[in-house]
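For reference, the structure is listed below as structure tokens.
Throughout, read-outs are computed from the coordinates displayed, never taken from laboratory work. Treat the numbers as computed from the prediction; the structure is a model and nothing was measured. Every residue, glycine as well, gets a Cβ built from its backbone with ideal geometry; the counts of neighbours run over all protein chains shown.
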Amino acid sequence: MEITYALAIGVLTGSGVWLLLRPRTFQVIMGLSLLSYAVNLFIFGMGRIMEGGAPIIDTLKQIDPSLYDDPVPQALVLTAIVIGFATTALFLVVLLASRGLTGTDHVDGDESEP
Amino acid sequence: MNDWTQLLQHLPVFPIVIPLVAGASMLLFVEARRTTRTIIALIATLANLGAAAGLAYVASGAMPGLWPEGIAVYLLGGWDAPFGIVLVLDRLSGVMLLLNAVLALTSLVYALARWKKMGPHFQSLFQFLVMGINGAFLTGDLFNLFVFIEVLLAASYGLVLHGLGEVRVRAGLHYIAINLAGSFILLIGISLIYGASGTLNMADLAARLPALAEGDRILFEIGAAILGVAFLLKAGAWPLNFWLPSAYGAAAPPVAAIFSIMTKVGVYALLRLGSLLAGPSGAGAPAPFSDGWLFGIGLITLALGTAGTLTARQPQRLVAYCVISSAGTLLTALGLGGAGMKSAALFYLVSSVLATGAFFMLTEMIERTQRSGEGAQAEPFESFGPEDQIDPSLPDEDVGIVIPAAMAFLGMSFIACTLLVTGLPPLSGFIAKFLLLSAALDSPLLATLPVSVWVLWAAVLGSSLIGVIALCHMGVRLFWSSEEIVTPQLRLIEAAPVAVLLLLTAALTAGVGPAMDYLTLAGSSLSSPQMYIDAVLTGGPPIVSHEIKGGGQ
């Protein structure tokens, strides 16, 4: 479980960073999205991975911390998803504005190679 | 317990609530009702200034009954410290809040002249930016710090594009991309620290650090290192500051003016966490917060910023490089360490933020004199002027009072800004650099590694010299060698903010004694964070629990 999880984060981060360094704005935004998925999974994983653990205390079960999942990273990940989603959407608008104003989808707004 | 203190105990949350309510309530009025929006913005910014001044006064220990030692802890939602989110006010936060409030008021007044008409929702975004900056200075919780940084960044994304134009969109694209990536780095750092230590409260984190197990300690150090990278990115440190000159150089001038405190949010976070994570012994700060790293990074940043001032041909871009040099000087000074260094660096921070803020607004007024001349624009600048983009259907309600002797005012202000930025007497820039250099002589490194002190001296003085050359060059080109100088019509509300900021630096020069008394205590409380930790962990003011009891009865 942990290995699969770690590999998924690694693949997402690797692809995200590679795309982020590409010269096309669409690739950059895809890279940022993949990075944000990786980071969200990473935050989630920092609460330690547990199968079937409830984050909220169940009154029927006994009060034993080892039976429960850590609720804090789940709350953090929700906040991070919302913020990441909103800022990525904003970036998309700027990307379109840049495409319209410069007539190219190069990140520098300029096709010329050095 | 009278009503007055009942209200006063909520003072720490005011700098967040006031801009939030003002910014949101403005959205209820349609865009054409500018007067209403303007009145709300002015009232909110003035109230924010009042609250910040009150908090800076409280932080000096003026209310020992309510907040002993001048550290005000505000429990949001009434939850006790490690579980709920706290706002903490001490002298450092007080100074930063006051500085932000002053800068916000002046740049808002400046923007009222022309810039607010250039795009939608300027006023709301501006209030949200102020809220984010205030929140970042007040919060005592790591994740909450991230949220407030996101609030200020989200508002700044809108503001950097304010007025549009190709140059701004291009600069904004880079600015947003790098800051989004920076936010992800920040999140990774925060979650690693949470995973290793199990807490997000900064004071609780500092208290738990000595008891961390070996494996967790390594994870924590990695988390802190990643966190430090994110803060250095915000602070504009090399090698993560190449976005800064184009973003700050292209932003609308009043926006750039308020942005000059945004880099200082990164410096503040480095200072605050560096102070807390170093622990009582002051030895164990993790990598990017520790002295050697900051010193090296600061030196390169300073060199890069100084070199940039020589290359910049557009005045606003030159000021953006001055912001980088100021960040570099601060990081180098903080990296050297020593007893008086933190307070001297804080004085430098205050002086340089006021100076660059005034300078950003001044450059735009000076550029208006170059309307038809060859000017100083290496970059295409056509789509920049506000004239062609104002919607003619909207009422032009403020004709304003035009000030006399506009060229004399511009020239004198340019000289004053040059003196401030480069640190020549008689204004506060000189005192700030003098304090830095004299504090360097008290550094403990003078005995063990004297070369670092001399490197600091050489770097600070050398950057001043090169700054003088670059700014003189710019001044000669702008005022003397231009073919055609158009004497611009300066409105009072445009000239007054610059004059107020420059007069404040003059006041800072005259009142350097009281100011340094305040900042010395701020610096020494950073060196001994135990008081901060105790204040947070022993809970907030007793009145909060009194209220809860009252509710239960």
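Here are the numbers:
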quantity: Three-way shape call for region B:296-352 based on the alpha-carbon gyration tensor, with the a/c threshold at 1.5; calculated: oblate
quantity: Estimated D of region B:1-101 in µm² per second, where Rh is the Kirkwood radius over Cα pairs and Stokes-Einstein applies at 4 °C, 1.567 mPa s; calculated: 88
quantity: Semi-axes of the equivalent ellipsoid for region B:53-194, Cα gyration tensor, largest first, Å; calculated: 31, 22, 10
quantity: Estimated inter-spin distance, B:M412 and A:E51, nm [label 7 Å along Cα→Cβ]; calculated: 7.8
quantity: Cα extents of chain B along the three principal axes, largest first (Å); calculated: 69, 62, 43
quantity: Two-decimal log10 I(q)/I(0) for region B:415-476, as the Debye equation yields it once each C-alpha is a single scatterer, q = 0.15, 0.28 Å⁻¹; calculated: -0.49, -1.09
quantity: Relative packing of peptides B:425-432, B:186-193 - highest average C-beta neighbours within 10 Å first; calculated: B:186-193, B:425-432
quantity: Length gained when the stretch A:M1-A:L78 is fully extended (0.36 nm per residue, less Cα-Cα span); calculated: 25.5 nm
quantity: Alpha-carbon centroids, region B:228-253 and region B:411-476: separation in whole Å; calculated: 22
quantity: Cα gyration tensor of region B:152-264 - equivalent ellipsoid semi-axes, whole Å, descending; calculated: 35, 12, 11
quantity: Where labels lie 7 Å past Cα in the beta-carbon direction, separation of B:M531 and B:L424 in nm; calculated: 4.0
quantity: Separation of the B:L28 and A:R99 label points, Cα + 7 Å toward Cβ, nm; calculated: 3.9
quantity: Globularity ratio of region B:12-70, using Cα Rg and 2.2 N^0.38 Å; calculated: 1.46
quantity: Cα-based shape type of region B:88-167, given that a ≥ b ≥ c are square roots of the gyration tensor eigenvalues and the cut on a/c is 1.5; calculated: oblate
quantity: Extension gain (nm, one decimal) between B:E69 and B:H10, 0.36 nm per residue minus Cα-Cα; calculated: 19.5 nm
quantity: Shape of region A:73-113, Cα gyration tensor, a/c cut at 1.5; calculated: prolate
quantity: Ellipticity estimate at 222 nm from DSSP helix runs (n ≥ 4, -39,500 (n - 2.57)) divided over chain B, nearest 500; calculated: -23000 deg cm²/dmol
quantity: Per-residue average of Cβ from other chains inside 10 Å of B:172-180; calculated: 6
quantity: Per-residue ³J(HN,Hα) for region B:432-439, Karplus 6.51 cos²θ - 1.76 cosθ + 1.60, θ = phi - 60°, Hz, x for Gly and Pro; calculated: 4, 5, 4, 4, 4, 5, 6, 5
quantity: DSSP bridge orientation in the protein assembly as shown - percent antiparallel, rounded to nearest 5; calculated: 90
quantity: Cα-based Rg and Dmax for the protein assembly as shown, where Dmax is the largest Cα-Cα distance (Å); calculated: 24.7, 85
quantity: Residue-averaged beta-carbon neighbours from other chains (10 angstrom radius) around A:96-102; calculated: 4
quantity: Shielding of A:41-51 by partner chains, average beta-carbon count, 10 Å; calculated: 3
quantity: Percentage relative contact order, chain B, counting C-alpha pairs under 8 Å, at least six apart; calculated: 18
quantity: Viscosity 1.002 mPa s, 20 °C: Kirkwood-radius Stokes-Einstein D of region B:442-531 over Cα pairs, µm²/s; calculated: 119
quantity: Amide H within-cut-off set for B:L424, under 5 Å, with H built and near neighbours excluded; calculated: B:F430
quantity: 17 Å cut-off, amide nitrogen to a point 7 angstrom out along B:R313 Cα→Cβ, residues in region B:156-173; calculated: B:167
quantity: Computed helical MRE - 222 nm, chain A, DSSP H runs ≥ 4 contributing -39500 (n - 2.57), nearest 500; calculated: -22500 deg cm²/dmol
quantity: FRET E, pair B:Y57, A:E111, Förster distance 45 Å, beta-carbon r, rounded to 0.05; calculated: 0.20
quantity: Full-stretch length increase - B:S481, B:L461 - with 0.36 nm per residue and alpha-carbon distance subtracted; calculated: 4.4 nm
quantity: Distance between region B:30-80 and region A:54-114 - C-alpha centres, whole angstrom; calculated: 31
quantity: Isotropically averaged projected area of chain A, using the convex hull of Cα atoms (one quarter of hull area), nm²; calculated: 8.8
quantity: Debye log10 I(q)/I(0) for region B:216-335, one point scatterer per Cα, at q = 0.16, 0.23 Å⁻¹; calculated: -0.71, -1.22
